[in-house]
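The values are calculated or read from the model by the stated rules, or taken from the named source; none is laboratory data. Predicted model only: the values in this text are computed from it and were never measured. Counting neighbours? That spans all protein chains shown, and the Cβs are built from the backbone with ideal geometry, glycine included.
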Amino acid sequence: MPDPVLSITGLKAHYGDFQALYGIDLSLMQGEVLAIIGANGAGKTTLLRSISGMMHNGPGQITYRNQDIGGMRADQVAKTGIALVPEGRQLFPSLSVEENLIIGGQIGRKGSWNLGSVYKLFPILKERRALPSTSLSGGQQQMAAIGRALMANPELILFDEISLGLAPIIIKDIYDALPGIIGKGMSAVIVEQDISKALSVSASVYCLQEGRVSLKGASDTVSREDISRAYFGIE
Amino acid sequence: MEWLNALVQGTLLGGLYALFAAGLSLIFGVMRLVNIAHGDLIVLAAYLGLSVTTTLGLHPLLALLMVMPAMAAIGYAVQRGVLNQTLGDDLLPPLLVTFGLSVIIQNGLLEVYTADPQKLNAGALETASVAVGGLSLGLLPLLTFGIAVAVIWGLQWTFYHTALGRAFRAVSDNQDIAQLMGLIRHHIFGLAMALALAVTALAGILLGVRTSFDPSIGGGRLIFGFEAVIIGGLGNLWGTLAGGVILGVAQTLGAKIDPGWQVLSGHIAFLLILAVRPNGLFPRISA
Amino acid sequence: MTQQVYYVTRSSHAARVAAILGAVVLIVLIAAPWWAGRADLRLMGELFLYLALASLWNLMAGYAGLVSVGQQAYVGFGGYMLFALTMFAGLPPGLAIGLAGVLGAFIAVPTALLIFRLRGAYFAIGTWVVAEVFRLSFAQVSSLGGGSGSSLPVGIVKSLASSRSAREYLSYWLALGVAVLVVAAVYLFLRSRKGLALTAIRDNELAAASLGIDIWRTKFLVYIATAALTSVVGALIFLQKLRISPDAAFSVNDWTAFVIFIVVIGGIGTIEGPIIGTLIFFALRETLADLGTIYLLVLGLVAIVVMLKAPKGVWGLIRTRFDLQLFPLGYRVLQNDEQKGA
């Protein structure tokens with residue numbers, strides 16, 4: 001069996017005195033799409049913040065391509081080929097749509113993603129490229145945020161709640177576009193509240209509950225009962 | 001005619017104040033830092049100019065070629081070495097640390113250059129003037145105003161049309177996400193301070209050519225720059241130029257009534273505008 | 001079965017010891033004219049006035065979040081009011097000092113209405129502008145000597161007390177009195193409902209607002225009260241100096257820079273901080289003052305290092321090390337372990 005591309009062992013995370021993660025173990029294979037589900041406050045976003053270097057954890061807890069990335073700054077993690085589509089899009093309001101994309105590519109990694117290929121994936125962004133990013137609708141902002149992450153030509157992309165606050169039709173559009181992104185050998189971790197959407201695009205699924213992994217399994221075999229038990233913690 | 005003359009002279013003086021203000025405005029825009037030592041840095045630049053002109057016998061404007069990079073380097077070093085550690089949600093550390101810096105620069109200058117007033121010698125440029133419609137306009141004030149306009153335009157252009165400006169805006173918007181994009185905020189802040197102090201170098205040299213200076217005048221220059229920023233409206237560089245002009249005009253008109261009233265009438269104009277338009281005359285408009 | 005009893009208290013052993021020690025020290029200080037020399041008395045008087053200024057600045061910056069670099073406005077204003085009221089209105093100096101405080105509060109109202117429009121660091125520079133306006137305005141008053149200033153007439157000085165030593169004692173006691181008054185007032189205020197509100201604002205402005213604490217009003221009141229007391233201290237400073245000029249009265253170095261350094265080095269946001277800071281400041285000054293500008297350079301450097309490495313100052317270091325609080329503000333939960341008694 002090949003080595004996992006990302007492996008997390010015993011990850012603990014704190015916000016001051018508050019402990020958010022209590023020893024998470026997780027592994028992700030090359031090209032695999034992994035979904036993380038769980039209730040609000042279960043630690044999903046904290047997990048992604050830890051992987052992406054926005055939160056610092058002790059050394060030895062997160063390994064990416066045999067490299068210990070647990071103590072790295074966010075910009076250093078980004079250079080190793082990990083990109084994050086943050087919760088709530090978080091585009092730069094002072095920048096135009098195109099500037100947001102350009103800044104995503106600034107890290108200078110080579111690959112097939114560039115302005116042209118992002119515009120091909122999301123043609124509406126090309127139309128709106130000169131406008132301030134604040135003038136986009138929620139769905140368009142999500143597209144720009146995904147495009148911004150792709151511009152870095154990542155090998156592992158992290159999606160944090162990409163359907164949050166969007167209309168169902170928009171969510172469908174975005175999920176329809178996902179295979180075109182992660183079908184190219186890219187690995188992905190998708191944090192999602194919408195369980196059926198999460199299961200439909202992923203190979204395996206982890207459920208978090210109060211900072212611990214309460215369930216892990218293959219997305220196509222895991223049962224609804226198991227999920228609700230792991231989700232709510234009721235027997 | 002005398003009043004018109006005061007008006008025009010005040011406008012040109014406003015160019016100098018806009019230069020005092022531009023650096024202040026820039027670093028506030030990028031990192032929300034208000035640098036109490038800003039005025040002392042202007043005076044430091046004037047003294048560096050003095051050292052360069054007296055030791056190398058250069059014209060003050062040529063000395064800029066050395067003083068601007070020197071000030072930029074100081075800016076980068078101070079930002080990375082000290083000021084970056086003060087940035088955060090708490091207002092006190094940056095304020096008190098820059099206040100401490102102000103006292104250090106002031107007394108360091110006293111130690112090196114003594115309290116004697118100094119002036120930069122720009123030769124014929126100081127007295128040259130051109131006659132425009134019956135008014136005699138000094139070449140130096142005209143040049144200062146022209147430089148101010150060019151600097152404001154240049155900063156505006158840098159902000160909105162270069163990769164550096166994009167990085168400034170991105171870091172200013174959201175430091176954490178910018179870091180994810182590979183922008184190291186401490187480095188970007190260092191660059192912003194370097195740029196701000198390069199502008200400060202210009203302001204310091206032009207100040208030193210125009211009037212005599214001593215180590216104690218930094219506070220006053222900070223206040224003029226600050227008033228120009230607030231009058232113009234926070235975050236608006238062209239507004240800052242307008243603010244400088246309004247302050248300059250208020251001062252020359254005040255001086256026309258009574259020489260003792262020059263600085264005071266500038267302050268009063270500032271307080272009046274603050275009373276009527278607390279957000280300044282031209283509050284931030286998205287560019 | 002063991003039973004554990006918890007109780008909530010404000011007091012602590014250290015605080016009680018401190019109170020007793022404080023009372024003893026106060027008596028010794030009141031008696032200073034009988035044991036201290038003339039120069040020491042003068043130095044201690046100055047120390048008490050700085051302690052008062054530092055405590056007031058600390059109340060504003062450390063508790064109310066109002067960082068001012070323009071408190072010299074009120075020091076100078078108070079000083080000038082002492083001179084104007086005694087020289088032109090013929091008031092006795094004691095009354096003039098009190099009235100200087102009242103007038104300081106009056107002038108602080110329109111000032112606050114204006115500069116409260118500025119936020120954060122811009123507020124700080126705004127206070128400096130106001131101080132400059134005061135300085136330039138008093139420099140225009142020719143009957144007070146204009147830019148060169150004036151001396152307090154001999155007749156007024158003599159009206160304080162007939163002998164020189166009696167005047168010096170009086171001046172010393174007034175300085176000690178105002179320092180005790182200010183520290184006590186700050187302490188009692190911070191223990192009051194309004195004071196607790198202030199601490200809540202400092203800790204979290206948003207949360208405090210949602211709890212219905214009127215932030216603007218509380219800050220406004222603190223600003224006015226501080227202005228009044230700072231004016232009184234200013235009047236006492238220039239009663240000691242007997243001479244006033246705009247540059248001395250509204251000096252940003254003397255009345256703000258030093259005060260800020262005292263508070264930062266001692267420990268901002270604590271009552272004990274300004275006291276420790278004042279002692280350190282005077283110790284440094286008395287040993288290093290011969291160095292002139294170098295001394296100020298060192299002071300600035302120390303303040304920066306403290307701010308960066310120990311933002312709670314010397315008192316903060318002591319407090320975390322020994323868990324001390326001499327002026328008990330917070331409540332603590334203590335455990336009475338019955339097991340030991342049983």
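So A:Val77 ticks every box in (1) surrounded by fewer than 21 Cβ atoms within 10 Å (Cβ to Cβ); (2) assigned by TED's automatic domain parsing to the domain that holds A:Glu192 but one. Which box is left unticked?
(1)
How do the pairs read when you match residues in the stretch B:102-117 that are more than 11 Å from B:Ser216 (Cα to Cα) and facing chain C (nearest Cβ under 7 Å) with residues anywhere that are of a type in the set (S, T, N, Q) and surrounded by fewer than 22 Cβ atoms within 10 Å (Cβ to Cβ), using Cβ under 7 Å and keeping only pairs 6 or more apart or on different chains?
B:Glu111/C:Thr293
When you scan the stretch C:147-189, how many residues do you find that are of a type outside the set (Asp, Glu), touching a Lys or Arg at 6+ places or on another chain (Cβ under 9 Å) and touching a residue at least 60 places away in the same chain (Cβ under 8 Å)?
Summing the residues that are of a type outside the set (Asp, Glu), touching a Lys or Arg at 6+ places or on another chain (Cβ under 9 Å) and touching a residue at least 60 places away in the same chain (Cβ under 8 Å) in the stretch C:147-189 gives 9.
Go through the stretch A:137-151 residue by residue and tally those that are among the aliphatic types (A, V, I, L, M) and either touching a strand residue (DSSP E or B) at 6+ places or on another chain (Cβ under 6 Å) or under 13 Å from A:Ile170 (Cα atoms) (or both).
4
Being within 19 Å of the chain's Cα centre (by Cα) and among the aliphatic types (A, V, I, L, M) is true for just one of B:Leu137, B:Leu155, B:Leu92. Which residue is that?
None of the other options fit; the residue is B:Leu155.
Return the total of residues in the stretch B:104-128 being touching a helix residue (DSSP H, G or I) at 6+ places or on another chain (Cβ under 6 Å) and of a type in the set (S, T, N, Q).
3
Of all the residues that make up the stretch A:57-76, how many are more than 17 Å from A:Gly10 (Cα to Cα) and free of Cβ contacts under 8 Å to residues at least 60 places away in the same chain?
5
Could you tell me how many of the residues in the stretch A:13-45 are within 25 Å of A:Met186 (Cβ to Cβ) and within 14 Å of another protein chain (Cβ to nearest Cβ)?
Number satisfying all stated conditions: 1.
Considering the stretch C:236-264 alone, what residues qualify as being among the hydrophobic types (A, V, I, L, M, F, W, C), farther than 19 Å from B:Gln106 by Cβ and either within 14 Å of chain B (Cβ to nearest Cβ) or more than 14 Å from the chain's Cα centre (by Cα) (or both)?
Selection gives C:Phe238, C:Leu239, C:Leu242, C:Ile244, C:Ala249, C:Val263.
Scan A:Gln19, A:Gln30 and give me the residue that is touching a Lys or Arg at 6+ places or on another chain (Cβ under 9 Å), at pLDDT below 90 and either surrounded by 14 or more Cβ atoms within 10 Å (Cβ to Cβ) or not hydroxyl-bearing (Ser, Thr, Tyr) (or both).
Answer to the selection: A:Gln19.
Just to be sure before I move on: is B:Leu16 out of contact with any strand residue (DSSP E or B) (no Cβ under 9 Å at 6 or more places or on another chain) and at pLDDT below 95 in the structure I sent?
no
Just wondering, is there one or more residues in the stretch B:42-62 that are crowded, with 20+ Cβ neighbours inside 10 Å and either basic (Lys, Arg) or within 25 Å of C:Val306 (Cβ to Cβ) (or both)?
yes
Specify the residue that is farthest from C:Ala248 (Cα to Cα); the eligible residues are those in the stretch C:101-132 that are touching a residue at least 60 places away in the same chain (Cβ under 8 Å), surrounded by 17 or more Cβ atoms within 10 Å (Cβ to Cβ) and hydrophobic (A, V, I, L, M, F, W, C).
Across the stretch C:101-132, the extreme among qualifying residues is C:Ala112.
Mind listing just one residue for me: the one in the stretch A:84-104 that is under 20 Å from A:Asp176 (Cα atoms) and within 9 Å of chain B (Cβ to nearest Cβ) and, of those, surrounded by the most Cβ atoms within 10 Å (Cβ to Cβ)?
Among them, the one singled out is A:Leu84.
Of (1) in contact (Cβ under 8 Å) with a residue 24 or more places away in the chain; (2) small (Gly, Ala, Ser); (3) surrounded by fewer than 17 Cβ atoms within 10 Å (Cβ to Cβ), B:Gly81 satisfies all except one. Which?
The single condition B:Gly81 does not satisfy is (1).
Of the numbered conditions (1) away from every other protein chain (no Cβ under 14 Å); (2) at positive phi, C:Trp173 satisfies every one except a single condition; which is it?
Checking C:Trp173 against (1) away from every other protein chain (no Cβ under 14 Å); (2) at positive phi, the one that fails is (2).
Restricting attention to the stretch C:288-312, which residues are more than 21 Å from B:Ile36 (Cβ to Cβ), at the interface with chain B (Cβ under 9 Å from one of its Cβ atoms) and assigned to a helix (DSSP H, G or I)?
Hit for the stretch C:288-312 is C:Ile294, nothing else.
When you scan the stretch B:244-265, do you find a residue that is within 11 Å of another protein chain (Cβ to nearest Cβ), assigned to a helix (DSSP H, G or I) and touching a residue at least 40 places away in the same chain (Cβ under 8 Å), even just one?
Yes, there is a match, as at least one residue in the stretch B:244-265 is within 11 Å of another protein chain (Cβ to nearest Cβ), assigned to a helix (DSSP H, G or I) and touching a residue at least 40 places away in the same chain (Cβ under 8 Å).
Is it the case that B:Ile177 is over 22 Å from B:Ala73 (Cα atoms) and either outside any helix (DSSP H, G or I) or within 14 Å of chain A (Cβ to nearest Cβ) (or both)?
Judged against the criteria, B:Ile177 is a match.
Among the residues of the stretch B:160-194, write down those that are in contact with a Gly (Cβ under 7 Å, 6 or more places away or on another chain) and touching a residue at least 24 places away in the same chain (Cβ under 8 Å).
Result: B:Ser172, B:Met193, B:Ala194.
Look at A:Ile181 and say whether it is of a type in the set (Val, Ile, Thr) and farther than 25 Å from A:Ile8 by Cα.
no
Does A:Ile107 fit the bill of being within 14 Å of chain B (Cβ to nearest Cβ), free of Cβ contacts under 8 Å to residues at least 60 places away in the same chain, of a type in the set (A, V, I, L, M, F, W, C) and surrounded by fewer than 21 Cβ atoms within 10 Å (Cβ to Cβ)?
Yes, satisfied.
Restricting attention to the stretch C:119-136, report how many residues are more than 7 Å from chain B (Cβ to nearest Cβ) and in contact with a Ser or Thr (Cβ under 7 Å, 6 or more places away or on another chain).
The qualifying residues number 2.
Restricting attention to the stretch B:211-237, which residues are under 15 Å from the mean Cα position of the chain (by Cα), surrounded by fewer than 22 Cβ atoms within 10 Å (Cβ to Cβ) and closer than 26 Å to B:Leu62 by Cβ?
B:Ile217 - this is the single residue of the stretch B:211-237 that is under 15 Å from the mean Cα position of the chain (by Cα), surrounded by fewer than 22 Cβ atoms within 10 Å (Cβ to Cβ) and closer than 26 Å to B:Leu62 by Cβ.
Hey, any hits in the stretch C:107-115 for a residue that's within 14 Å of another protein chain (Cβ to nearest Cβ) and in contact with a Leu (Cβ under 7 Å, 6 or more places away or on another chain)?
There is at least one residue in the stretch C:107-115 that is within 14 Å of another protein chain (Cβ to nearest Cβ) and in contact with a Leu (Cβ under 7 Å, 6 or more places away or on another chain).
Within the stretch A:210-221, track down each residue that is surrounded by 18 or more Cβ atoms within 10 Å (Cβ to Cβ) and out of contact with any helix residue (DSSP H, G or I) (no Cβ under 6 Å at 6 or more places or on another chain).
Matches in the stretch A:210-221: A:Gly211, A:Val213.
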